[in-house]
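Engineer: The structure under discussion is supplied below as structure tokens; questions concerning it will follow.
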Amino acid sequence: MKNIVILISGSGSNMAAIIRAAQREHWLERLGARVAAVISNRPDAPGMAQAQGVAREVVDHRDFATREEFDAALQHAVDSYSPSLVLLAGFMRILTPNFVRHYEGRLINIHPSLLPAFTGLNTHQRALDTGCKVAGATVHRVTPELDHGEILAQAVVPIVVGDTAATLAARVLTQEHLIYPQVIAQLLQTATL
Ligand code: GRF
């Protein structure tokens, strides 16, 4: 059985979409995989309540003096599930190069823009401010450079008159919930994980 560990910091809707899809359609099971655990760096992450039927852990970044110490503790927690895939799903901590290298080839992120445009934060407002006509989301491999790494899938949505960062984020999020499970399925089918 291939284990998947999902890291979150907030509402966890991508994580919930992956778990829901797995439970409803048994697609992970058919691919010989399961979501083994959800780990949050915030004890109050609302998404934790939605992580039904899987192990839940908190590694609170505020308990550690340095980024390196936090990442070492996080790595210890993640490794206890021997994961084939580690998914960042709204995980709002920058990870050290050592952590990223440790999971090379099995660390994946979803970012709410059409990379390489708008790396970092506030992607939707920046897309609106730039006058973009479309926006979207990208699933990509994680490398030490923030929001870089091989693009695995993208979804495009229109920007419409009257959009705010919130309305655009909601439109993009519906697509995120579709493409992240698709990429996981592809990776489990094709990659030697
Ligand atoms: C998503 O927009 C994701 O692309 C970004 O953070 C947001 C997380 O949303 N990395 P959720 O926690 O999955 O609801």
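Since every read-out is calculated from the coordinates, none of them should be taken as a lab result. Here the structure is a predicted model, which means the values were calculated and not measured. All Cβ positions, even for glycine, are placed from backbone atoms using ideal geometry, and neighbour counts span all protein chains on display.
Engineer: Once the Cβ-Cβ distance between H76 and V160 is put in as r, and R0 is 30 Å, what FRET efficiency do you end up with, to the nearest 0.05?
Structural biologist: FRET efficiency, H76 to V160: 0.05.
Engineer: In terms of the Cα gyration tensor, with a ≥ b ≥ c the square roots of its eigenvalues, is the range 1-105 rounded because a/c is under 1.5, prolate because a/b exceeds b/c, or oblate? All intermediate terms of the calculation are to be shown ahead of the outcome.
Structural biologist: Values: a/c = 2.26, a/b = 1.43, b/c = 1.58.
In terms of gyration-tensor shape, oblate.
Engineer: Rounded to the nearest 500, what is the chain's calculated 222 nm mean residue ellipticity when only DSSP H runs of at least 4 contribute -39500 (n - 2.57) each, over all residues?
Structural biologist: -11000 deg cm²/dmol
Engineer: First check a/c for the chain, with a ≥ b ≥ c the square roots of the eigenvalues of its C-alpha gyration tensor; if it is under 1.5, answer rounded, and if not, answer prolate when a/b is larger than b/c or oblate otherwise.
Structural biologist: Verdict is prolate for the chain.
Engineer: Of the GluC sites (Glu not before Pro) in the range 28-113, which ones lie in a loop per DSSP and count no more than 13 other C-beta atoms within 10 Å? Don't jump to the answer; show the numbers that get you there.
Structural biologist: Numbers: sites: E29, E57, E68, E69, E104; in loops: E104.
For GluC sites (Glu not before Pro) across the range 28-113 that sit outside H, G, I, E and B with at most 13 neighbouring Cβ atoms in 10 Å, the list reads E104.
Engineer: Another question, then. Could you work out how much longer the chain between Q23 and R67 gets when fully extended? Use 0.36 nm per residue separation minus the Cα distance between them, nm to one decimal. Write out the running numbers ahead of the final one.
Structural biologist: Values: separation 44, 0.36 × 44 = 15.84 nm, distance 3.46 nm.
Full extension from Q23 to R67 adds 12.4 nm.
Engineer: Once a ≥ b ≥ c are taken as the square roots of the eigenvalues of the Cα gyration tensor of the range 64-121, is the result rounded (a/c under 1.5), prolate (a/b larger than b/c) or oblate (a/b not larger than b/c)? Can you show the working numbers first?
Structural biologist: Working: a/c = 2.26, a/b = 1.44, b/c = 1.57.
It is oblate, given that a/c is not under 1.5 and a/b is not larger than b/c.
Engineer: Which whole-number percent is the relative contact order of the range 2-190 (Cα, under 8 Å, 6+ apart)?
Structural biologist: So the answer I get is 21 percent.
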